[in-house]
1. So the check is Cβ under 9 Å with 6+ separation or different chains; which pairs have a first residue in region 10-22 that's within 19 Å of ASP68 (Cα to Cα) and a second one that's of a type in the set (S, T, N, Q) and outside any loop (DSSP other than H, G, I, E, B)?
2. For region 44-73, how many residues meet the condition of being surrounded by fewer than 18 Cβ atoms within 10 Å (Cβ to Cβ), touching a helix residue (DSSP H, G or I) at 6+ places or on another chain (Cβ under 7 Å) and either closer than 25 Å to GLN173 by Cα or of a type in the set (A, V, I, L, M) (or both)?
3. Determine the pairs where a residue that is on the phi < 0 side of the Ramachandran plot, located within region 64-83, has a partner that is exposed (fewer than 12 other Cβ atoms within 10 Å of the Cβ) and not aromatic (Phe, Trp, Tyr) with Cβ atoms under 7 Å apart, the partner being 6 or more residues away or on another chain.
4. Please verify whether region 162-182 includes one or more residues that are over 20 Å from PHE37 (Cα atoms), of a type in the set (Lys, Arg), surrounded by fewer than 16 Cβ atoms within 10 Å (Cβ to Cβ) and without any contact (Cβ under 8 Å) to a residue 40 or more places away in the chain.
5. Look at PHE115 and say whether it is assigned to a helix (DSSP H, G or I), under 14 Å from the mean Cα position of the chain (by Cα) and among the hydrophobic types (A, V, I, L, M, F, W, C).
6. From the residues in region 99-145 that are basic (Lys, Arg) and surrounded by 16 or more Cβ atoms within 10 Å (Cβ to Cβ), which one is farthest from HIS161 (Cα to Cα)?
7. If I filter region 84-96 for residues that are touching a helix residue (DSSP H, G or I) at 6+ places or on another chain (Cβ under 8 Å), more than 18 Å from ILE11 (Cα to Cα), surrounded by 12 or more Cβ atoms within 10 Å (Cβ to Cβ) and touching a residue at least 12 places away in the same chain (Cβ under 8 Å), do I get at least one hit?
8. Any chance region 100-107 includes a residue that's assigned to a strand (DSSP E or B) and not aliphatic (A, V, I, L, M)?
Amino acid sequence: MNASLNMIPWIDIETTGFHFEKDSILQIALIITDGNFKEISRHDWIIKHDNIDELKERADYYVLDMHDKTGLWDRIASDEAKPLTEVDAQLASILQLLRGDSRYGVKIGGNSVSFDKNFLAAQLEHTSKQLSHQVLDMSSVLEFFRATGNRVPLPKHSPSHNAIEDIENCIEQARHTLKHIGELNR
């Protein structure tokens with residue numbers, strides 16, 4: 001992979017709560033697309049935790065219920081779960097390939113990217129070192145259109161709170177937004 005090919009790494013995480021200082025990452029997903037939002041690769045990591053009962057006790061009711069419904073708690077207890085340090089190394093390696101020789105880091109895409117970046121910075125040291133300060137935040141793009149009275153027609157969906165599905169929805173938002181911008185220019 002080469003950064004000059006205009007690839008976008010879309011990242012989403014699922015956590016035990018909203019506070020990167022005290023809550024834990026449970027799932028990290030990455031879909032890499034080209035500039036036309038065509039998928040190049042995808043990765044989905046479930047994070048292994050030694051004491052799932054303790055995680056559940058610390059999670060607020062909304063998060064506890066949400067991850068029960070999605071089955072994430074069961075996945076954390078399964079053999080597919082990997083230690084956070086292993087996931088950090090794998091994700092950092094992928095991002096480093098995308099970064100290439102850029103001294104500025106990789107620009108990641110997603111929804112509410114600052115939330116994800118705060119957790120990555122606090123808990124994934126090697127991954128964090130690969131990231132740029134610039135992001136492609138679809139939630140900010142859509143807020144810009146709303147603030148200027150120009151709604152983007154988007155397909156109906158609700159966040160699934162499964163990181164890989166949430167990225168798929170975000171990329172679909174990007175496709176529709178790009179189409180809408182093209183229509184505005186006519």
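1. Filtered contacts from region 10-22: ASP12/GLN27; ILE13/GLN27; GLU14/GLN27; GLU14/THR70; THR15/GLN27.
2. 3
3. Pairs that qualify, where the first residue is on the phi < 0 side of the Ramachandran plot and the partner is exposed (fewer than 12 other Cβ atoms within 10 Å of the Cβ) and not aromatic (Phe, Trp, Tyr): there are none.
4. No: zero hits.
5. yes
6. ARG99
7. Checking region 84-96: not a single residue is touching a helix residue (DSSP H, G or I) at 6+ places or on another chain (Cβ under 8 Å), more than 18 Å from ILE11 (Cα to Cα), surrounded by 12 or more Cβ atoms within 10 Å (Cβ to Cβ) and touching a residue at least 12 places away in the same chain (Cβ under 8 Å).
8. yes
Laboratory data are not the source of any read-out in this text; all were calculated from the coordinates shown. What you are looking at is a predicted structure, and each value in this text was computed from that prediction instead of being measured. In this analysis, Cβ positions are derived from the backbone assuming ideal geometry, glycine residues included, and neighbour counts consider all displayed protein chains.
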